[in-house]
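The values are calculated or read from the model by the stated rules, or taken from the named source; none is laboratory data. This is a predicted model, so every value here is computed, not measured. Cβ placement follows ideal geometry from the backbone for every residue including glycine, while neighbour counts extend to all protein chains displayed.
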Amino acid sequence: DGGITQSPKYLFRKEGQNVTLSCEQNLNHDAMYWYRQDPGQGLRLIYYSQIVNDFQKGDIAEGYSVSREKKESFPLTVTSAQKNPTAFYLCASSINRASGRRSGQFFGPGTRLTVL
Amino acid sequence: GQQVMQIPQYQHVQEGEDFTTYCNSSTTLSNIQWYKQRPGGHPVFLIQLVKSGEVKKQKRLTFQFGEAKKNSSLHITATQTTDVGTYFCAGGGPGTYKYIFGTGTRLKVLA
């Protein structure tokens, strides 16, 4: 089955610790995205990547870091510099061709991070 | 920077009534996408609109993209309990693959 996976589903960490959230897709999509969702709120873009070894900051990149070493993988690290990291983190992927063709974003099931 | 506003924030309807949510961008968009998120779940892609004035239908759902490509709407005819969830629009700007999500409209359908 093709899809996008995130692990773990629930994650608990102590304040001051860095934590890395996994995101893997086997849809052969070019672009990948990380969003943060707080209770009752919309989605805010953290980082996005169009191609391997390239990524751009979104609206709330401070305190986060990413890498895109493989087309299939786009891990997100929540660092201790992130002031309020407890949230629901969603990864997504889409087709974004150089020709301009774009598809909708396919989302993973998300990771609920709680920092104690 | 680009902002995408969505109204209303909440809507409660009786089953069988119609529902509409509106999305407005502060800048001209290249395309707009609509998503549905069930409680406790993740957003699911519904549709993408690209052309000025475009109208698309999916069964009881009708999506419109404004002539100026700055606003959009989603209309559901005769709501059902399965329509419950939060509906988000996401605007894509010209020359970028970055999307800005609207604040969402939470729909509750009373049986």
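Got at least one residue in the range A:30-50 being on the phi > 0 side of the Ramachandran plot and out of contact with any helix residue (DSSP H, G or I) (no Cβ under 6 Å at 6 or more places or on another chain)? Looking for residues that are on the phi > 0 side of the Ramachandran plot and out of contact with any helix residue (DSSP H, G or I) (no Cβ under 6 Å at 6 or more places or on another chain), one finds at least one in the range A:30-50, hence yes. One residue stands out in the range B:56-84 among those that are out of contact with any strand residue (DSSP E or B) (no Cβ under 8 Å at 6 or more places or on another chain) and aliphatic (A, V, I, L, M): the one that is nearest to residue B:15 (Cα to Cα), namely B:78.
Could you check, for the range B:52-74, whether at least one of its residues is small (Gly, Ala, Ser), over 20 Å from residue B:20 (Cβ atoms) and in contact (Cβ under 8 Å) with a residue 24 or more places away in the chain? No, there is no match, as no residue in the range B:52-74 is small (Gly, Ala, Ser), over 20 Å from residue B:20 (Cβ atoms) and in contact (Cβ under 8 Å) with a residue 24 or more places away in the chain. When the range B:1-45 is filtered for residues that are aliphatic (A, V, I, L, M) and without any contact (Cβ under 8 Å) to a residue 40 or more places away in the chain, only B:44 remains. Among the criteria (1) farther than 20 Å from residue A:106 by Cα; (2) modelled with pLDDT under 95; (3) out of contact with any strand residue (DSSP E or B) (no Cβ under 7 Å at 6 or more places or on another chain), the one residue A:62 does not fulfil is (2). Selection of strands (runs of 3 or more DSSP E) fully inside the range A:1-114 by the criterion of at least 3 residues being facing chain B (nearest Cβ under 10 Å) returns A:31-37, A:43-49, A:87-94.
In this entry, residue B:19 passes the filter for residues that are farther than 15 Å from residue A:105 by Cα, surrounded by 18 or more Cβ atoms within 10 Å (Cβ to Cβ) and either touching a helix residue (DSSP H, G or I) at 6+ places or on another chain (Cβ under 9 Å) or of a type in the set (S, T, N, Q) (or both).
If you filter the range B:1-55 down to residues that are within 11 Å of another protein chain (Cβ to nearest Cβ) and of a type in the set (Phe, Trp, Tyr), you find that the one that is farthest from the chain's Cα centre (by Cα) is B:10. One residue stands out in the range B:74-100 among those that are at pLDDT 95 or above and part of a loop (DSSP other than H, G, I, E, B): the one that is nearest to the other protein chains (Cβ to nearest Cβ), namely B:84. All of (1) surrounded by fewer than 18 Cβ atoms within 10 Å (Cβ to Cβ); (2) modelled with pLDDT under 95; (3) not acidic (Asp, Glu) hold for residue B:62 with one exception: (2).
Total residues in the range B:74-96 satisfying the condition of being of a type outside the set (A, V, I, L, M, F, W, C) and surrounded by fewer than 18 Cβ atoms within 10 Å (Cβ to Cβ): the figure is 9. Taking the criterion of being closer than 10 Å to residue B:31 by Cα and either in contact with a Lys or Arg (Cβ under 7 Å, 6 or more places away or on another chain) or not aliphatic (A, V, I, L, M) (or both), the residues of the range B:49-71 that qualify are B:49, B:51, B:52, B:65, B:69, B:70. Go through the range A:1-48 and give me each residue that's surrounded by 12 or more Cβ atoms within 10 Å (Cβ to Cβ), among the acidic types (Asp, Glu) and within 20 Å of residue A:114 (Cβ to Cβ). A:38, the sole residue that qualifies. When the criteria are applied in full, residue B:53 meets the requirement of being outside any strand (DSSP E or B), touching a strand residue (DSSP E or B) at 6+ places or on another chain (Cβ under 9 Å) and on the phi > 0 side of the Ramachandran plot.
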